[in-house]
Amino acid sequence: MIILKRGKEKEAQRKVDELMKIVRWMDDYRVFRVADPKHIEASIQRLCPSYLLAKWKRVKKDITAMNEALIESPLRKLIAVATIMRLVAMTSIMGFIVLFMVVAFFRVSLKFSYPAFVALVLLCLVIVPNSYLYLDRYVRIRIREYYRNLESRFAPRIEKVKDFAQDVIFYMNDVIREYGLNPDKNKFRLRHCDYEGVVLVKKQRFSRLFTVKPLIK
């Protein structure tokens, strides 16, 4: 009997772990951090009761619309350019460092004139890195503006996603309560701390994530 009980508890714990993952996915969607809906749907079909599955089918339409908005984002090309610029900047700095080490340790003579050497230093260590930093700052500002616009535009859909995450939390707490699992061993991180059924444990200073645990009454 004890072995059977422990087996059921382990199975319940695995279920709770996956339910927490579903909650995190939904919470990420509220800030347009998207996951593959196929993975979400597979987990919901395997773990959740029929009423949550029916609600998911309605919420899925909202998530699909949010995904399409991201795919159609005018910032995609700008982000691609910034990514390439970052690689160029890193290559430029590393290339200069390697060149310096070759000259310093192997005493290789480079037939550069003084103006050419100064130009190389400025290009590798000043112009290219600072161009990337400027572009990166510009892209980040544009991204923030675009996401604020998306959050305003999709506010009703985001609310539905939040509501679904809330229902999953309630169901997860029911499983924890039913099998007597320890809430302190089921902490997880979310981007928002405005759900019922969880209690704040810690707020991460730099990542701005909230560590929460189930509130079992």
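The values are calculated or read from the model by the stated rules, or taken from the named source; none is laboratory data. Predicted model, so just to flag it, every value in this text is computed and none were measured. Note that each Cβ is placed from the backbone with ideal geometry, even for glycine, and that neighbours are counted across all protein chains shown.
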* To do: Scan the range 34-64 for residues that are surrounded by 13 or more Cβ atoms within 10 Å (Cβ to Cβ) and in contact (Cβ under 8 Å) with a residue 40 or more places away in the chain and jot them down.
  => CYS48, LEU52, LYS55, TRP56, VAL59, ASP62, ILE63
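Let's see how each residue does on (1) within 20 Å of the chain's Cα centre (by Cα); (2) of a type in the set (A, V, I, L, M, F, W, C):
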| position | (1), (2) |
| --- | --- |
| ARG137 | yes, no |
| ASN149 | yes, no |
| PHE164 | yes, yes |
| GLY180 | no, no |
| PHE188 | yes, yes |
| PHE206 | yes, yes |
| PHE210 | yes, yes |
* Can you tell me which of ARG148, ARG189, ARG144, ARG137 is assigned by TED's automatic domain parsing to the domain that holds ARG33 and not small (Gly, Ala, Ser)? -> ARG189
* Asked: Among the numbered criteria (1) buried (at least 19 other Cβ atoms within 10 Å of the Cβ); (2) farther than 20 Å from MET26 by Cα; (3) small (Gly, Ala, Ser), which single criterion is violated by GLY180?
  -> (1)
* Subset of the range 183-212 [surrounded by 12 or more Cβ atoms within 10 Å (Cβ to Cβ) and among the aromatic types (Phe, Trp, Tyr)] -> PHE188, TYR195, PHE210
* Residue list for the range 185-212, filter: modelled with pLDDT of 90 or more, of a type in the set (D, E, K, R) and farther than 16 Å from TYR171 by Cβ -> LYS185, LYS187, ARG189, ARG191, ASP194, LYS202
* Candidates ARG46, ARG33 - the one that is under 30 Å from VAL168 (Cβ atoms), out of contact with any Pro (no Cβ under 8 Å at 6 or more places or on another chain) and modelled with pLDDT under 85 -> ARG33
* With the condition kept exactly as written, say whether any residue in the range 157-168 is exposed (fewer than 15 other Cβ atoms within 10 Å of the Cβ) and not acidic (Asp, Glu). => no
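Rundown of residues vs (1) touching a strand residue (DSSP E or B) at 6+ places or on another chain (Cβ under 6 Å); (2) more than 23 Å from ARG153 (Cβ to Cβ); (3) in a loop (DSSP other than H, G, I, E, B), yes/no style:
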{"position": "ASP17", "(1), (2), (3)": "no, yes, no"}
{"position": "ARG24", "(1), (2), (3)": "no, yes, no"}
{"position": "ARG33", "(1), (2), (3)": "no, no, yes"}
{"position": "ASP62", "(1), (2), (3)": "no, no, no"}
* Asked: So which residues in the range 74-132 are of a type in the set (D, E, K, R) and at pLDDT 70 or above, if there are any at all?
  -> ARG76, LYS77, ARG86
